[in-house]
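Heads up: the structure comes next, in structure tokens.
The values are calculated or read from the model by the stated rules, or taken from the named source; none is laboratory data. Remember, predicted model here, so these are calculated numbers, not experimental data. Positions of Cβ are generated from backbone atoms using ideal geometry, with glycine treated the same way; all protein chains shown enter the neighbour counts. Ligands, DNA and RNA are stripped out before the accessible areas are found, and what is left, the full protein with its side chains, is counted by its heavy atoms. Shrake-Rupley method; radii C 1.70, N 1.55, O 1.52, S 1.80 Å.
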Amino acid sequence: MPCGSAPVRGRGGTYGQSNRELARKAGVAPSTCLERVRTLTRRGVIRGYHAEINPAALNRGVQAMVSVQVRPLSRTVIDAFQQSASAMPEVLSVFVLGGGDDFLLHVAVQDLDHLHAFLLDRLSKRREIAGFRTSVIFQQVHDAAPVRLPDVRA
């Protein structure tokens, strides 16, 4: 593992991890680890630290990914829908896509009845939505922090 990526890998999995524990996992001295983390932060590799929230503890026991197609496909429609979807309390994340779908919404609601109501009452009534597809999430596997890929050589 390159010396600069150990703090990124360690930080990616545990928000509350101490510098000493991170250094131990990376196999370096705590002072070295702290300097590496500071350098990665200055370079913009580490943008912040986040707490992991349990959606079920917030009465959001059902999660789904909703692929959305909008029409007409214009910057105005895309910007307006992105802003509107981001403001919906059921929506955790909004991804703007290229390809067959225009958006991917990560939603979390109380139960399947509330998911159904969200889809029918909130999405299907919007004039710019040409269609949507929903996939219910059964399990979420947390991925490790990414490591730097090799540069592409021309």
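Brief remarks on what is shown
- Test: residue in the range 47-61 that is among the hydrophobic types (A, V, I, L, M, F, W, C), open to solvent by less than 40 Å² (accessible area, probe 1.4 Å) and farther than 26 Å from P146 by Cβ: no
- The range 89-104, residues that are open to solvent by less than 50 Å² (accessible area, probe 1.4 Å), in contact with a Phe, Trp or Tyr (Cβ under 8 Å, 6 or more places away or on another chain) and either among the aliphatic types (A, V, I, L, M) or at pLDDT below 95 (or both): V94, L104
- Residue satisfying condition, being modelled with pLDDT under 95 and open to solvent by less than 70 Å² (accessible area, probe 1.4 Å), within set A145, A85: A145
- Residues that are open to solvent by less than 60 Å² (accessible area, probe 1.4 Å) and hydrophobic (A, V, I, L, M, F, W, C) within the range 24-46 comprise A26, V28, A29, C33, V37, L40, I46, listed in sequence order.
- Residue tally, condition closer than 22 Å to P55 by Cα, open to solvent by less than 80 Å² (accessible area, probe 1.4 Å) and among the acidic types (D, E), over the range 109-137: 1
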